[in-house]
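Notes to accompany the following structure.
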Amino acid sequence: MNKRNLILFGLVAILYIGTGYFQSWNLALNILTVGLLSAIMALGVNMQWGYAGLFNTGIMGFAALGGLAVALVSSPPVPAGWAAGGWGILAGLCFGVAVIIAATQIYKRMAKGKLRNVAMLALLIGGFFAFRELFDPSVEAVEVINSATAGNIGGLGLPSLLAWPVGGLLAAVAAWAIGKISLGLRSDYLAIATLGIAEIIIAVLKNEDWLARGVKNMIGLPRPWPVPYEVDLQQSAAFLDWATRYGFEPVGASSIVVKLVYVALFTVVLAIVVWMSEKALNSPWGRMMRSIRDNEVAAAAMGKDVTRRHLQVFVIGSAVVGFAGAMMTSMDGQLTPGTYNPLRFTFLIWVMVIVGGSGNNWGAVLGGLLIGWLWLIVESLGPGVMSVLTYGMSDGWLKAHLVDSAQNMRLLTLGVILLLVLRFSPRGLIPEK
Amino acid sequence: MDIINAIVAFVNFVVVPATAYGAQLALGALGATLVYGILRFSNFAQGDTMAFGTMITILMTWWLQSMGVHLGALPTALIAMPVGIAVTAGLLLLTDKFVYRFYRKQRAAPTILVIVSLGVMFVMNGITRLIIGVEEQNFADGERFVMTAGDFKRWTGLSEGLAIKSTQAITVITAIIVVAWLFWFLQKTRTGKSMRAFSDNEDLALLSGINPNRVVNVTWIIVAALATIAGVLYGLDKSFKPFTYFQLLLPIFAAAVVGGLGNPLGAIAGGFVVAYSEVFVTYAWKKVIGYLVPEAWAPDNLIQLLSTDYKLAVSFIILIIVLLFMPTGLFKGKSG
């Protein structure tokens, strides 16, 4: 950490403090929680891009898998739903996986030729129909049960903190599957394949009502320990005493306290991830990764298995993203598949990594906090600024259109920032050492 | 009779829509594959280029309509399209001048160019949304049908109807003309030949005195034309919505990869492979099968392999199969 970097972090801190001072502390803390989560995701992406040069365009999907983990682990159980078809669904899914494994075995074991193709096709098509036969009735049985409030298999009712590593695990499994297929081919293929898997994960979350209620959304997911609920705080005598002693208004103070606890919790996680990333980056493993990134042929000649190492770092990075995705869902208290959008969840994180400085963990953190702030502040200030800009114009169609579309300015601004940074300062604000 | 009814239902619900969609995808994929062949990167801004060109065409269409200009039975958008193409070509040439050229001179890695195209995508996406908004727009006018289901039933006396929307007919005819022209251009003209030479072996092409800037500029103009035409045809056939165009990126890439990235013929084949698979898998086969089997066997569920919500999954699965078993695609594109 040299002086220049400290100044950069100081400037970002001033942005947040200024927001609190001039607008509201509630907003500033809100943006800070999002900024911290984005910083963790950016760290995950930085492992893939900065250490290894892998281009992942499916960040949204891995974050959404983290969210799914929260719904499955920490939401209250729905015993009737599970009894109606939980085991059937599980059996169906296991059967599906078994068919795919059998097909890969046929591909590996049988000699190349027509017979193998026919056998594989027959197995896959037959397997697909058998899977639907097994799977569909259970799904229907689950979805009819109390569909206004449930209609899903329910969660395990475990603490929300436990869901976070599970989110990382789900994302890791998905990343392993996609990486196994597309790594080792030309670099663009990974980008295209991850773009696809992210869209499909969102489609599954939207349409499989039995899993997490689809677009009917999961609401009321429990908060992670130790975050209190505002209502509880406002009814606790100790808190009221404390608030009146310092002259705070209890309702406002309770919401600030809740956000502060979130900020503390997320900062701890961020600190751990940064510490581990720094250790990894400065270890022989990290040096190997960078040498593979800079010259794959030379690294391969030194006996490094490039594809395996790529797969490894891709899985680890995606797991970090999934972990942060789970944190985000448990903070929101709801899983709303409709709100996942690639511009916000994939490409924004990319801008954070590039602007912050790819290959440098502190750069990713700085980029997350800075771009996260910019993204949300424009959302709250944009219409106001646009009104000022169009003040001289006469009221009418054009003015209304411009004020309404102020939020679309964000895409334009971010695109321009990304292009400018790539062109004039490709190493980012905090360059790799 | 029942067999004929089954065939008519099949043509009406599968062949006609899939052919139109396939033609639209093929044009989009041609654009992506040309950029890949000549400029050597996967252009993530392809979907938003289509959206931009379509938007300009829509604005022009509205203006023409307000001036009272109509094409009779044909959609007004067809006259507006050249303007859309010209403006899009201008935008792409400016983008190339101010953005891509720098990296080309540096001989930057393809991944860097992909990220740069991501930035371009952001900007185009922002411009499109800023100007026309995020809402869905319908801009088709003129006759709706070449042949309605009712007419067909009256002529043939069958119980199944066959409807062909005029936008579907226009799509297919336009696509044939465009593709024929493109292949003539690539095979027979001097510029087309130099483009192919540049795509095959850049160094050798430069050595033989081919002007790289000219090749690149012509490529961008053709890409603008292809993207705008594909976007307008898709918008006429379905509707225009910026986010849908962004999502077209996946089927377009799937089509280009299936055909072999960098191979124009492959892109066309790939477009139809993806479109037909998508429609085949998401179509409810109940009706067709109902005609073909005795009444007692008629299926009581829809016989739909996947719900239409998963149509993106079809492109994705095709992509995975290609990556696993033939990374260079059906028509031997650039190596994997």
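The values are calculated or read from the model by the stated rules, or taken from the named source; none is laboratory data. No experiment lies behind these values; they were computed from the predicted model shown. Virtual Cβ from ideal backbone geometry, glycine too; neighbours counted across all protein chains shown.
If a residue has to be farther than 30 Å from A:Val144 by Cβ and exposed (fewer than 12 other Cβ atoms within 10 Å of the Cβ) to count, how many in segment A:76-103 make the cut? Break it down stepwise before answering.
Of all residues in segment A:76-103, those farther than 30 Å from A:Val144 by Cβ come to A:101-103.
Next cut, exposed (fewer than 12 other Cβ atoms within 10 Å of the Cβ) only: A:101.
Counting residues in segment A:76-103 that are farther than 30 Å from A:Val144 by Cβ and exposed (fewer than 12 other Cβ atoms within 10 Å of the Cβ) gives 1.
With respect to A:Leu195, is the statement that it is surrounded by 17 or more Cβ atoms within 10 Å (Cβ to Cβ), more than 19 Å from A:Ser318 (Cα to Cα), assigned by TED's automatic domain parsing to the domain that holds A:Thr339 and under 28 Å from the mean Cα position of the chain (by Cα) true? So that I can check it myself, show each step before the final result.
Numbers: surrounded by 17 or more Cβ atoms within 10 Å (Cβ to Cβ): yes; more than 19 Å from A:Ser318 (Cα to Cα): no; assigned by TED's automatic domain parsing to the domain that holds A:Thr339: yes; under 28 Å from the mean Cα position of the chain (by Cα): yes.
No; evaluated as a whole, the condition is false for this residue.
Tell me whether segment A:383-400 contains one or more residues that are more than 26 Å from A:Gln23 (Cβ to Cβ) and of a type in the set (Ser, Thr, Tyr). Checked segment A:383-400: at least one residue is more than 26 Å from A:Gln23 (Cβ to Cβ) and of a type in the set (Ser, Thr, Tyr).
A:Gly338 fulfils the conditions (1) in contact (Cβ under 8 Å) with a residue 24 or more places away in the chain; (2) in a helix (DSSP H, G or I); (3) crowded, with 21+ Cβ neighbours inside 10 Å except for a single criterion, (3).
Looking across segment A:175-190, the residues that are within 14 Å of another protein chain (Cβ to nearest Cβ), small (Gly, Ala, Ser) and surrounded by 24 or more Cβ atoms within 10 Å (Cβ to Cβ) come down to A:Gly179, A:Ser182.
The test for being over 22 Å from A:Val215 (Cβ atoms) and either touching a residue at least 40 places away in the same chain (Cβ under 8 Å) or of a type outside the set (Val, Ile, Thr) (or both) does not hold for A:Met331.
Counting only helices (runs of 4 or more DSSP H) that fall entirely inside segment B:44-121 and contain at least 1 residues that are within 13 Å of another protein chain (Cβ to nearest Cβ), small (Gly, Ala, Ser) and within 30 Å of B:Ile170 (Cβ to Cβ), the qualifying elements are B:46-66. Screening A:Leu429 against (1) touching a residue at least 12 places away in the same chain (Cβ under 8 Å); (2) assigned to a helix (DSSP H, G or I); (3) more than 12 Å from every other protein chain (Cβ to nearest Cβ); (4) of a type outside the set (S, T, N, Q) leaves a single unmet condition, (2). In this structure, does A:Ser387 turn out to be within 12 Å of chain B (Cβ to nearest Cβ) and either surrounded by 20 or more Cβ atoms within 10 Å (Cβ to Cβ) or out of contact with any Leu (no Cβ under 6 Å at 6 or more places or on another chain) (or both)? No: the conditions fail for A:Ser387. Listed by first and then second residue, the pairs linking a residue in segment A:271-292 that is part of a helix (DSSP H, G or I) to a residue that is exposed (fewer than 12 other Cβ atoms within 10 Å of the Cβ), with Cβ atoms under 8 Å apart and 6 or more places separating them unless they lie on different chains, are A:Ser291/A:Ala298; A:Ser291/A:Met302. Applying the set (1) in contact (Cβ under 8 Å) with a residue 40 or more places away in the chain; (2) more than 14 Å from chain B (Cβ to nearest Cβ); (3) farther than 23 Å from A:Ile181 by Cβ to A:Asn46 leaves exactly one unmet item: (2). B:Thr171 - would you say it is modelled with pLDDT under 90, hydroxyl-bearing (Ser, Thr, Tyr) and either surrounded by 14 or more Cβ atoms within 10 Å (Cβ to Cβ) or over 22 Å from B:Leu265 (Cα atoms) (or both)? The answer is no for B:Thr171.
When you check B:Lys153 against the structure, is it part of a helix (DSSP H, G or I), within 14 Å of another protein chain (Cβ to nearest Cβ) and either out of contact with any Gly (no Cβ under 9 Å at 6 or more places or on another chain) or over 20 Å from A:Leu418 (Cα atoms) (or both), yes or no? Let's see the steps before the verdict.
Details: part of a helix (DSSP H, G or I): yes; within 14 Å of another protein chain (Cβ to nearest Cβ): no; either out of contact with any Gly (no Cβ under 9 Å at 6 or more places or on another chain) or over 20 Å from A:Leu418 (Cα atoms) (or both): yes.
For B:Lys153, the condition - part of a helix (DSSP H, G or I), within 14 Å of another protein chain (Cβ to nearest Cβ) and either out of contact with any Gly (no Cβ under 9 Å at 6 or more places or on another chain) or over 20 Å from A:Leu418 (Cα atoms) (or both) - is not met.
Run down B:Ala77, B:Ala6 and say which single residue is in contact with a helix residue (DSSP H, G or I) (Cβ under 7 Å, 6 or more places away or on another chain), buried (at least 22 other Cβ atoms within 10 Å of the Cβ) and over 17 Å from B:Gly271 (Cα atoms). Spell out the reasoning first.
Working: B:Ala6 fails: buried (at least 22 other Cβ atoms within 10 Å of the Cβ).
Among B:Ala77, B:Ala6, only B:Ala77 is in contact with a helix residue (DSSP H, G or I) (Cβ under 7 Å, 6 or more places away or on another chain), buried (at least 22 other Cβ atoms within 10 Å of the Cβ) and over 17 Å from B:Gly271 (Cα atoms).
Restrict the check to segment B:35-54 and report whether at least one residue is more than 15 Å from the chain's Cα centre (by Cα) and farther than 30 Å from B:Leu186 by Cα. For segment B:35-54, residues more than 15 Å from the chain's Cα centre (by Cα) and farther than 30 Å from B:Leu186 by Cα: absent. Counting the residues of segment B:296-324 that are without any contact (Cβ under 8 Å) to a residue 12 or more places away in the chain and either closer than 19 Å to B:Phe272 by Cβ or surrounded by 14 or more Cβ atoms within 10 Å (Cβ to Cβ) (or both) gives 6. The residues of segment A:307-324 that are in contact with a helix residue (DSSP H, G or I) (Cβ under 6 Å, 6 or more places away or on another chain) and either free of Cβ contacts under 8 Å to residues at least 40 places away in the same chain or among the polar types (S, T, N, Q) (or both) amount to a single one, A:Ser318. The single residue among A:Val257, A:Val261, A:Val268 that is over 22 Å from the mean Cα position of the chain (by Cα), in a helix (DSSP H, G or I) and β-branched (Val, Ile, Thr) turns out to be A:Val257. When segment A:139-194 is filtered for residues that are assigned to a loop (DSSP other than H, G, I, E, B), without any contact (Cβ under 8 Å) to a residue 12 or more places away in the chain and not hydroxyl-bearing (Ser, Thr, Tyr), the ones remaining, listed by number, are A:Ala148, A:Leu185, A:Arg186. In segment A:393-402, is there at least one residue being surrounded by fewer than 24 Cβ atoms within 10 Å (Cβ to Cβ), part of a loop (DSSP other than H, G, I, E, B) and either in contact with a Phe, Trp or Tyr (Cβ under 8 Å, 6 or more places away or on another chain) or not small (Gly, Ala, Ser) (or both)? Yes, segment A:393-402 has at least one match.
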